[in-house]
Every structure is written in structure tokens, then in C-alpha cells.
Protein chains: 2
Amino acid sequence: MRVGGVYFDAARGAMDVIGAATPLVLESIRAMTLPRERFTLCDMGCADGATSLSMIGAAIGEIRRRAPTLPVCIVHSDQPLNDYNALMRTVHGLSAVESFLPAFDHLYPLASATTFFHQILPPRSLHLGFSACAMHWLSTRPCDLSDHVHPAAAEGPEREAYREQARRDWETLLVHRAAELVPGGRLVLAPFARDGEGRYFGRTRGVSVFETVNDIWRSFVDDGSVTREEYARMNHVQYYRSEEEWRAPFDDPASAVSRAGLRLLSLETRVLPCPLATAFSAHRDPERLAADYVPSVRYWSESIYGGALSPERPAEERREILEGFYRAYRDRVRARPSDHAMDHVNAYLVIEKE
Amino acid sequence: MRVGGVYFDAARGAMDVIGAATPLVLESIRAMTLPRERFTLCDMGCADGATSLSMIGAAIGEIRRRAPTLPVCIVHSDQPLNDYNALMRTVHGLSAVESFLPAFDHLYPLASATTFFHQILPPRSLHLGFSACAMHWLSTRPCDLSDHVHPAAAEGPEREAYREQARRDWETLLVHRAAELVPGGRLVLAPFARDGEGRYFGRTRGVSVFETVNDIWRSFVDDGSVTREEYARMNHVQYYRSEEEWRAPFDDPASAVSRAGLRLLSLETRVLPCPLATAFSAHRDPERLAADYVPSVRYWSESIYGGALSPERPAEERREILEGFYRAYRDRVRARPSDHAMDHVNAYLVIEKE
């Protein structure tokens, strides 16, 4: 994980997703009866906070239109090993990006290291929960994947184990949100997803991102650069749910989610084009595409692959292996630039607490 | 500032101060009408959170005696450049020290990077505010000090400028606390202070800590190791208030603090013996004292002195100067071990919001 600027530049795709979800946030605020005492907005899976700054600023602006002095708590949450130093600097205007903080009075920024698989906030204290590009993470690794780095491309019982874990995690995290939300409170979620045509992040056109990744790591196994055990640990502990899977707990009136009072107001799965591929179709410079593309891959993958390498290897050796991996990826992009695109495929959900 | 373990070992004196303040926390909770919805405790100036873990655990235990399932928010706050990664790891049990978190249900840990010179929490949302060894910091540097590193040992108009800044900061931070506190809510504060005999941190017996520090840095100016400008920037932006200065805004019924509804319930200034000097009087080993003592000095001083060195010096050179400074300090401790003691002199205040 990286600090401030690097994260930000590599995360333009994630910013587009948050941009696409922002109208849903604003509509949700407009539809709400605002509280008298204080409003709480929580961004779950915020990373360094840079990608959601504009959305949060827009949300506060929408609140301010109707409640000019209502105290607003902005809670940024992620897992305990997130880079909170980068987050605090981003929110408090000590990074290169512009924070929402100086533009408004009566704001109370807070951070939490409680994951969304647990209750982050006290009962009936949350008005708007937001999360983008985060809820594809699973709470636990169901099993290693023997033949692929990503469960979306895995098959058989291994894939089934990920599907089942994803089903349970979705229910768990929704039930916790139901406890946190005030009646009439809402969730706006834009998680990575699988659409009706089987498309998902980086697998929409050209060569799938995870096929490229898998292919390179398997070549590293073949030439002895990494072991089979390391490769097996490299799997993404993630799952891209389909519309049916997002809907399931809402469709079942007996589910814990329905009984907790959550209703699905809207769901749509959308593909957003890779900004780097779009830029390439204008500049046509394979070197430039490769130079921009690989940091973007690195941003969401380095901690996963680096963490899978044996701790018995010296740190320098592990770094060399990672450098070699990203060099190989860069070479592939340079060789066949039109094959590469990381389109974002996300579900956009609006959920209300009754 | 350092991560986890180092901070913790060097901060045993600060832990003793928090230990001495803990009964005041427990009495304050016992005296309170507990809320029905949620209880909020805020530790202001928490650093990496390690020194206050036991106090927070004891406070939650006291709440739990009367309200077994009351949701409790624990807010750790400090300034934006604090090490929040270390804090989150400490609170979430990923450091060497034991957190209060696993021992209780219905806890909601949060962090804030808003300094106590601003409002950290929404109006009427705080039940117990705590702060130890932190409120001697000033919000801004009134002036450089030409002849000393610490304003407590400075004289004339320079000292007066620090006194005046401290007076204003004390009012400002109390008025913000008055806004945050619920009626009947309390503050328990244990800031560095100056007692009736003119004693303060490290100036109670033997050679004063800040005289030693000042003496070494002046010798570095004399031999050309640092410039006069660097020395002038090395001053601690702090002030050790006297009992009269702590009391002033409470004694004046027309002050902003009194008008905001804060009352001083109790105030006492106490000297706690330096644990390292106490250990030395048993082991009598100057090497061991010097080895333990200097990290303790380093813990509260390195960022101040390091930050004062010219950024035009290469990082390596700045590090060499700091190493030289702490080496010189170690030599002094080794040469005359009985002269060295960092006794803590703190005021213990209990304040109530009407």
C-alpha cells in the first residue's frame, strides 16, 4: 500500500466509480429526513481517503443546503493495517489533494480501523453508509486456489468455497449495517461485481487482467522464480458477486438481512471504461500506456503478491521478484498495448433501513 | 516519533502519570448519570495509544458495572502528524501491548486527527474527556527563544510571550471541550505543570533535564556543529502552567470558560519519581541507567530537535548530529548518574460541565 499521491494517480478508475455513485448519494440525502442533532456519514474501505474526497464534499454540500449548521461526522473506515497516516494527512489537507475539510464548518472527521465485517459504529447512529471498490474482499480465505490467482477465474469446489464465503460475508456485513443505520438511513454501495455477461474488473475486452497476472506468475513457477506454495497463496481473497447474489438476502423475506429491516431500493451493474486505455486510443504511445498502466496494477496487487512470497526469502529478494513481475507485465503491455484495459465493472446498490 | 514498542518502553513515566489519574477517571464515571444511548470517552493527545490502554480498560470496566450493554465509543485523538498506524495497531491488538478491545463487547474505537485546540467531537456528545502529558503544548510558537531550549527556563519578554500564549490556549481548548461535553460530563486532565516550589518535569533534584539539553546544544553551537539559527528553532513550543494559571479562567466568573458552564472540581499538582532513577538506586549500574535514560529523553525530544536542524543539511548529516547529541547526553548520565532524574510534575484536574 502506498501513501497519498501514488495511490491517487493509480486509482483514477476507482475515482470514476465513486463519481458514478455520487448522484445516488445525493439523491439518498435528498430523500432523507435530516436529523436534528448530528448527521453521520461513513466511508467503508476508504484506503488513503483520496478517491472519495469529492463525493464527501458533494454530500456535505447537499446536507448544508437544507441544514446549514447541522454537525456532520465523517467517519473513514478500513482494516487495521490500512495506511491511516496517509488518510489523516489527506483529510486534514496535508497531502497533494484538496480536502473537503476547509470548505465547511461543523465537520467532525473521524477514522475507524474496524472492518465492515464488524459493527463500526454504535446502534442507530449512521445516516449514510458508503463503500466503493471494497466489498469484494472476503473476511477470510476459504481455501488456496491451486490453478489461478483469482477466484473469479477459478472452477469447481474451490470456486464454490469462495462463492459460499461471499454469500455469508454479504449477509454479515449487511446485518451490521442494519444495526448501525438510523431508521430511514441509507447505504450507497459500489462494489466490484460480475455483470450478466460474465464481465468483471479487467475482463471485458482484450486479455483479462487476471489471465495476464496468472500467466506471468505461472511462468515464474515454471522457471523456479517462485515456489508452487507461494503461487497457491497468491490468490485474491475476493469475490465478484452477480446481481442475483447481491439480491439474494433481500429477495428472501426470512433472511437475517430482511428481518433486520433492510430493503434494496435499486441495483444496477455498470461497466466504466479504463481511463488509461481511453487515453491510449488518443495518444497511441505504447511506452506511455505501459508506464501508466503498471503502477495501476501494482496499486491493488502488490500487497497481495508480496505477502504471498515466503518470509524466509530476504526482503531484497522478495522485492526483486515483485520488480520482475511488474517488469514482465509492463513488457506485455508494451508489446500488445491494445490488448490491455482495466474496465471497472461495479454494482451500484441503494439500500434503505426501514 | 516512534512506533509501538519503543514509544511504550520510553514512556513509563507517562504511564505512571496516567496511573495516578485513573482513580479520578473512575470517580468521575461513578459520579455521572450514564446516558441511555451511548457513552463517549475521548483521550486527547493519545500518541500511539499504548500508555492509556489500562486507564481506558478500567474506565470501561467501571461503565460496565452499571451498564453492561451500553455502547461505548473510545475516541483517540492527536495532531495530524501523529503515528496513527501505530495507534490503530495498538488499539486493535496488533502490537506487543494488550488492548482493552477484546475484553468488552459494544465498543466502538475511533480516531481523530483534530487537535484539542479545535472542537474534536460534535456538540453535547462527549461524556468523559481525558488528557495526560499533552496540554503543555501550545497551538503556535509565540517566538524563538534566544538563550534556552525551553520556555520554562527562559526569562523576560520571551517567557512572557509563551505565558500569554499558554493563557489563551488554555481558554480556547476549554471552551471547545465545553461545547463537546454533555451536561454533567467531565474532563480529567493530567498535564505537565509547574508546582508551588517552581519544580517541573526533570527539574526537581540533581541537574535539570532542560539545563543538560541546553548545555549540550550550546556546546554544539560553540564548536560549530549546529548554527545559532538552528539552536533558536530548537525551543519546545510548550508551557508548564502553575496552579494559579490553571485556575484563572475558572476563578473569573466572566471568563468564556465559566460562561460556557465549566467548573473546576479539583486540582492538585504532584511529583512522581522517575522510574529509571528509582531503578538505579537499586541496581547502581551507570551503564544501565544511561542505556535506559537516553531513549526516554529521545522519545519526547527527537522530533523537536531534528525538526529544528536545517533541511539543507543532508538527512545523513542531520541524523549524525542527533546521534552526537544523544551520545553526549548518555556520557553525562554515565559520568554522574545520581545527577539525573526525570521526575514528572503534573497537575491533576477534574472539571465538570454544568
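List the relative contact order of chain A as a percent without decimals, with contacts defined as Cα pairs under 8 Å and 6+ residues apart.
22
Accessible area per residue for region B:160-214, computed on protein heavy atoms with a 1.4 Å probe, is 33 Å².
Using a label point 7 angstrom from Cα along Cα-to-C-beta, what distances in nm, from shortest up, separate residue A:93 from the other copies? Nearest to farthest, the other copies are at 3.9 nm.
Taken along the Cα-to-beta-carbon direction at a fixed 7 Å, the label points for residue B:81 and residue B:254 span 4.0 nm.
Annotation: for a label point projected 7 angstrom from Cα along Cα→Cβ of residue B:161, residues of region B:113-145 with backbone N closer than 18 Å are B:137-145.
Give me the net charge for the shell around residue B:65: Cβ to Cβ below 15 angstrom, other residues only, Lys and Arg +1, Asp and Glu -1. Summing Lys/Arg as +1 and Asp/Glu as -1 gives 0. In this label model, residue A:34 and residue A:354 are separated by 2.8 nm, measuring between points 7 Å along each Cα→Cβ vector. Other residues with beta-carbon under 12 Å from the beta-carbon of residue A:129 carry, at +1 per Lys or Arg and -1 per Asp or Glu, a net charge of 0.
What separates the Cα centres of region B:134-207 and region B:222-268 is a distance of 2 Å. Buried accessible surface for the B/A chain pair comes to about 2400 Å², total over both chains, computed with a 1.4 Å probe.
Measuring r between the beta carbons of residue A:263 and residue A:218 and using R0 = 51 Å, the FRET efficiency lands at 0.70. Remark: mean inter-chain Cβ contacts per residue of A:31-44 equal 1, using a 10 Å Cβ-Cβ cutoff to other protein chain atoms. Apply the Debye scattering formula to region B:185-226, with a single equal point scatterer on each alpha-carbon and no solvent, then give log10 I(q)/I(0) at q = 0.26, 0.28 Å⁻¹. Values, matching the q order: -0.88, -0.93. In nanometres and ascending order, the distances from the residue A:259 label point to those of the other copies are 5.6 (point 7 Å from Cα along Cα→Cβ). If a paramagnetic tag sat 7 Å from the Cα of residue A:54 along the Cα-Cβ line, which residues of region A:101-143 would have the backbone N under 15 Å from that point? Backbone N within reach: none found.
Inter-copy label distances for residue B:270: 6.0 nm (label point placed 7 Å from Cα along Cα→Cβ; shortest first).
Take region A:61-141 with all the other protein chains still there, run a 1.4 Å probe, and you get 36 Å² of accessible area per residue.
Note: relative contact order over region A:152-241, using C-alpha pairs below 8 Å and six or more positions apart, is 36 percent. The gain in end-to-end length when the residue B:140 to residue B:118 segment is fully stretched comes to 6.6 nm, 0.36 nm per residue minus the alpha carbon separation. Accessible surface of chain B, 1.4 Å probe: 49 percent of it comes from carbon and sulfur atoms. Ordering B:85, B:303, B:279 by the projection of their Cα atoms onto the charge dipole of the protein assembly as shown, which places +1 on the Cβ of Lys and Arg and -1 on the Cβ of Asp and Glu, puts B:85 at the extreme positive end.
Would you mind computing Rg(Cα) / (2.2 N^0.38 Å) for the protein assembly as shown, counting N as its residues?
Working: Rg = 27.9 Å, N = 708, 2.2 N^0.38 = 26.6 Å.
Ratio of Cα Rg to 2.2 N^0.38 Å: 1.05.
Just add up the charged neighbours of residue A:196: K/R +1, D/E -1, any other residue whose Cβ is under 10 Å from the Cβ of residue A:196. Within the 10 Å Cβ shell, the charges total -2.
Computed packing ranks the peptides B:193-201, A:110-118 as A:110-118, B:193-201, most packed first, by mean other Cβ atoms within 10 Å. Placing +1 on the Cβ of every Lys and Arg and -1 on the Cβ of every Asp and Glu, with no other charges, gives chain B a dipole of roughly 960 debye about its Cα centre.
Label reach from residue B:247 (point 7 Å along Cα→C-beta): in region B:266-284, amide nitrogens under 16 Å belong to B:266-270.
Between residue A:104 and residue A:323, 0.36 nm times their residue separation minus their Cα-Cα distance comes to what?
Taking 0.36 nm per residue and subtracting the Cα distance, the gain is 74.5 nm.
Quick one: Cα centre-to-centre distance for region A:72-104 and region A:289-339, in angstrom? Between the Cα centres of region A:72-104 and region A:289-339 lies a distance of 28 Å. For chain A, the alpha-carbon radius of gyration amounts to 1.00 times the rule-of-thumb value 2.2 N^0.38 Å expected for a compact globular protein.
The values are calculated or read from the model by the stated rules, or taken from the named source; none is laboratory data. Remember, it's a predicted structure, so these values are computed and weren't measured experimentally. Heads up, the Cβs are rebuilt from the backbone with ideal geometry, glycines too, and the neighbour counts pull from every protein chain shown. Surface areas here come from the heavy atoms of the whole protein model, side chains and all, with no ligands, DNA or RNA. Shrake-Rupley method; radii C 1.70, N 1.55, O 1.52, S 1.80 Å.
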